[in-house]
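Participant: Sharing a structure below in structure tokens format, with a few things to ask.
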Amino acid sequence: MCHSCATAFASKEFNESQEFFKEHLQNKQYALDPTAKAIVLYESLVFSTDNDMKGEYFTTSKVRRIIKILTKEGVDVADVRVALESSVTTFGGITKVKAATYNLVNGEVDKTEMAASAIKIEKASENMAIGKFSLPNVSEGSIIDYTYETKQELSSVIGKWKVQEQLPKLVSEVSVTYPEMITLALLTNNIPEFEEYNDKAPAGGETSVSYYTPTIPTGGGYYKSWVRKNIQGYKVEPFLYNVENFSEWILFKVGSVKISATYGRHTVTNNSGLMDWTYLNSKLKVNKKAFGKLSEGGSRAAAVFLKNLGAKPPSKDEYARKIYAYIRDNFTLKDEGMAGSTREIVWTLNNKAGNRFDYHLALISCLREAGMEANPVLLSTRDKVKLMEDNPNLDNINYIVTRMKVDDKIFYLDPTNKYNPFGVISAMCYNGFAWVVNDTGFGAMLDPADIKEKVVVQAKTISNDAKDYQLNIKKVFGKQAAVEKRTAWVRDSLAIKKEVLEELKVIAPEAKLLDYSVENLNNPDLNLSLAYTIQMDFSSDKLFFNPSLFNYYSELPLKSEKRYNPVEMPFPVEAIYSLYLELPKNYVVEESPQSAVLTYDENNFYKYLIDYNEESQSIMLNTKFNFQRAFFQPDEYKVLKNYFEKVIETQGNNLVIKKQS
């Protein structure tokens, strides 16, 4: 195949010369992003597919980057890290590394080459290694230039072009060469429209910001390339789980194989097209390491397990809860990975142990044996790139849960976390599209907006003696928060007191903690609550007291003036707080905040209702923070930030309490 095509095409956007380096060494700033710590002057990726003497196919990835370092903070980009999958290391890991640093010395370009001994490979995990090297003589103003090559067995993915990354780029281009028996398929994310390259443009004319070349026959294969110019770097911001979900990238995949071909150790014959979810489902449901051990009606092992579980409750819902609770509470998780199952279901049930797959296979088998509809669900968690509805990206599937249907109600279950109540899975699992594996399979949407989190806090006076004034505060956590608290508090018994003391620093810095208690710490199926009593000082003639002792957001969550990406809240929440405050004898309210109702829209609001009863010398405050959305586009940010500013301001209003003479 024609590997020179990529080099010839690259020259249309990049002319390597001393003048190129000198010009950019003199530059201090770039209009594309005047605040950038570094900028990619040129990036080239070349993905080529070929076969060896044995006829096994592999993919070669050639990378070149030239980067200008603009600030002291940008020096760290000279420490290069390359993730290497296990199949890459069998081909020698990272090879053909060349790297050099360019500096301007006395007005001339000075080049320092990196020694070969600087290249290191470290094992990161069983299936992953890291190639590492650091360029020499780097400082603010330097240009670094490096190339490297990796090889790996050909899989369904040929390569990924991360068009948009954290650093801005002046030019990024990619080319792909592939044999004629393979068709190339592209999966894209937020990619602008590419124009076809016109080599008949007038001399000196500017090429388009985004363009591609037509597919070119190369003798036994094909060649195709794409170019993007003037690419803004993405911004890492709070309330954003994975910026790649909103950045530009293209995944190059094998669309189809026209004849029998060997992919590494695997042979594919007459694959008619790009693998879709239905095709994947057909393989997973029979694969013994996946879900081939499940049968539609349960199993003999599950029948024995249920018999030993004891009396069957009267309803399917109660029975499902009993089965789930037993597996959650009594089984031991041996491995948290997603390597599939190597054990039989009977072994898992008898030994009450297994990996994540084993847990769910055992649970599903028992639920099916009990006459319920239960199926495994494959998903990507929110820290990963979302799964695509039209094509499985297997690298991003990293979690499994169980979907159960009882009387037209859908429940998602995960017994691998001992603090998950029935019907509750981690909010991290709600990352959009997921796949339910059964006979035919189907897609399901796990939307964080479907989570219903509710927290209730009550505070009341239990002693209004000015010399021994006491308040009792009780907090009932929502289900998501309860999982997090139980995990931390069971592991460290002192963590409970530490958390209470940290809360007091915010709500009542001068208060003294008298006692605290927790209910249902070890029972995830009941509400988790924390109660504590504090003693407050009423010896002053005038006090400034903030009656809003609990706020779901105690400080402004959105601080920046501008937003580049959508806002991803963890989940919707309803936070209810009530205060009943009895003043000590001879104390009165001199000044009180006004009641207020703040609205983002009709379903998202904050109510702050306060009342002072002079006759009983008591104060009642009821607040409700109701926020039922979890996703906001960047153009909604200004209004959203303004709403939160008003909420925080209202929560900060003080009562002025004075002692009568």
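Participant: Kindly identify region 350-472 as rounded, prolate or oblate by the Cα gyration tensor criterion: order the square roots of the eigenvalues as a ≥ b ≥ c, call it rounded if a/c is under 1.5, otherwise compare a/b with b/c, prolate if a/b is larger, else oblate. Don't skip to the end; give the middle numbers.
Facilitator: Details: a/c = 2.66, a/b = 1.97, b/c = 1.35.
Judged from the Cα gyration tensor, region 350-472 comes out prolate (a/c at least 1.5, a/b above b/c).
Participant: So, one more: How far, in nm, would the chain grow between Ile410 and Ala311 when pulled straight, counting 0.36 nm per residue and subtracting the alpha carbon separation?
Facilitator: Once the chain is fully extended between Ile410 and Ala311, it gains 33.2 nm.
Participant: Can you give me the distance in nm between label points at Lys542 and Lys559, each placed 7 Å from the Cα along the Cα-to-Cβ direction?
Facilitator: So the label points at Lys542 and Lys559 sit 3.3 nm apart.
Participant: Ignoring ligands, DNA and RNA, how do Ser315, Ser548 rank by accessible area with a 1.4 Å probe, largest first?
Facilitator: The residues order as Ser315, Ser548, largest area first.
Participant: What do you reckon, how do Phe291, Phe239 stack up by accessible area (1.4 Å probe), largest on top? Each step should come with its number before you reach the end.
Facilitator: Values: Phe291 10, Phe239 55 Å².
Of Phe291, Phe239, the descending order of accessible area is Phe239, Phe291.
Participant: Another question about this same structure. Pairs Lys307/Lys485; Lys322/Lys405; Lys312/Lys409: which exceed 27 Å Cα-Cα?
Facilitator: Lys307/Lys485, as the Cα separations exceed 27 Å there.
Participant: At 1.4 Å probe size, put Thr183, Thr440, Thr215, Thr533 in order of accessible surface, largest to smallest.
Facilitator: Solvent-accessible surface, decreasing: Thr440, Thr215, Thr183, Thr533.
Participant: Which entries in the list Lys62/Lys96; Lys559/Lys638; Lys454/Lys641; Lys68/Lys384 go over 19 Å, if you measure between the two C-alpha atoms of each?
Facilitator: Lys454/Lys641; Lys68/Lys384, as the Cα separations exceed 19 Å there.
Participant: Next up: At 0.36 nm per residue, minus the direct Cα-Cα distance, what do Gln633 and Asn106 gain on full extension? Give it in nm, one decimal, please. Each step should come with its number before you reach the end.
Facilitator: On the way: separation 527, 0.36 × 527 = 189.72 nm, distance 5.00 nm.
So the extension gain works out to 184.7 nm.
Participant: Can I ask one more? Only helices at least 15 Å long along their own axis, judged from Cα atoms, and with Kyte-Doolittle mean hydropathy of 0.5 or greater: name those in the chain from DSSP H.
Facilitator: Numbers: long enough: 316-330 (21 Å, -1.47); 356-369 (20 Å, 0.12); 479-491 (18 Å, -0.89); 494-507 (20 Å, 0.60); 637-651 (21 Å, -0.63).
Answer set is 494-507.
Participant: Nearest 0.05, what FRET efficiency do Lys289 and Asn330 give at R0 = 22 Å with Cβ-Cβ as r?
Facilitator: 0.35
Participant: Picking from Met128, Val138, Val97, whose Cα lies most toward the positive end of the charge dipole for region 72-192 (charges on Cβ: Lys, Arg +1; Asp, Glu -1)?
Facilitator: Met128
Participant: Also, I was wondering about something else. Pulled fully out, how much extra length does the chain show between Arg491 and Asp447, if you take 0.36 nm times their separation in residues and subtract their Cα-Cα distance?
Facilitator: Stretched out fully, the Arg491 to Asp447 stretch lengthens by 12.8 nm.
Participant: Roughly how many Å² of Thr342 are accessible to a 1.4 Å probe, to the nearest 10?
Facilitator: 110 Å²
Participant: Separate question: Would region 465-539 count as rounded, prolate or oblate if I go by the C-alpha gyration tensor, calling it rounded below 1.5 in a/c and otherwise prolate when a/b exceeds b/c, oblate otherwise? Don't skip to the end; give the middle numbers.
Facilitator: Numbers: a/c = 2.73, a/b = 2.16, b/c = 1.26.
Taking the square roots of the gyration eigenvalues as a ≥ b ≥ c, region 465-539 is prolate.
Participant: Next question, about the same structure. Would you list which aspartates and glutamates come within 13 Å of Lys28, measuring only between C-alpha atoms, while excluding same-chain residues fewer than 8 positions from it?
Facilitator: Straight-distance partners of Lys28: Glu140.
Participant: Using only DSSP helix segments of four residues or longer, with each worth -39500 (n - 2.57), what per-residue ellipticity at 222 nm results for the chain after dividing by its residue count and rounding to 500?
Facilitator: -5000 deg cm²/dmol
Participant: Now for a different question. Using a 1.4 angstrom probe and counting only protein chains, how large is the accessible area of Ser295 in Å², to 10?
Facilitator: Counting only protein heavy atoms, the figure is 50 Å².
Participant: Calculate, for Asn654 and Glu56, the FRET efficiency according to 1/(1 + (r/R0)^6) with r their C-beta to C-beta distance and R0 60 Å; round to the nearest 0.05. Kindly include the intermediate steps, with their values, before the conclusion.
Facilitator: Details: r = 74 Å, r/R0 = 1.23.
Working from the Cβ atoms, E equals 0.20.
Participant: I've got another one for you. Which of the trypsin sites (Lys or Arg not before Pro) found in region 284-345 are loop residues per DSSP with 12 or fewer other Cβ atoms within 10 Å of their Cβ?
Facilitator: Listed in order of number, the matching sites are Lys288, Lys289.
Participant: Separate question: At 7 Å along Cα-to-Cβ for each site, give me the label-to-label distance between Gln232 and Ala596 in nm.
Facilitator: In this crude spin-label approximation the distance works out to 3.2 nm.
Participant: Separate question: Take the residue pairs Lys288/Lys386; Lys253/Lys386; Lys289/Lys334 and return only those whose Cα atoms are more than 25 Å apart.
Facilitator: In this structure, Lys288/Lys386 exceed 25 Å between Cα atoms.
Participant: In addition: Show which lysines lie in cross-link reach of Lys659 when reach means a straight Cα distance below 27 angstrom and same-chain residues fewer than eight apart are skipped.
Facilitator: Hits, sequence-local ones excluded: Lys460, Lys467, Lys505, Lys512, Lys542, Lys585.
Participant: List the aspartates and glutamates whose Cα lies under 12 Å from the Cα of Lys607, skipping any in the same chain that are fewer than 8 positions away.
Facilitator: Glu574
Participant: Something else now. How far apart, in nanometres, would the label points at Glu519 and Glu614 be if each is projected 7 angstrom from Cα along the Cα-to-Cβ direction?
Facilitator: Result: 3.8 nm between the two label points.
The values are calculated or read from the model by the stated rules, or taken from the named source; none is laboratory data. Keep in mind that this is a model prediction, so the values were computed, not measured. Every residue, glycine as well, gets a Cβ built from its backbone with ideal geometry; the counts of neighbours run over all protein chains shown. Only protein heavy atoms, including side chains, enter the accessible area calculation; ligands, DNA and RNA are left aside. Shrake-Rupley method; radii C 1.70, N 1.55, O 1.52, S 1.80 Å.
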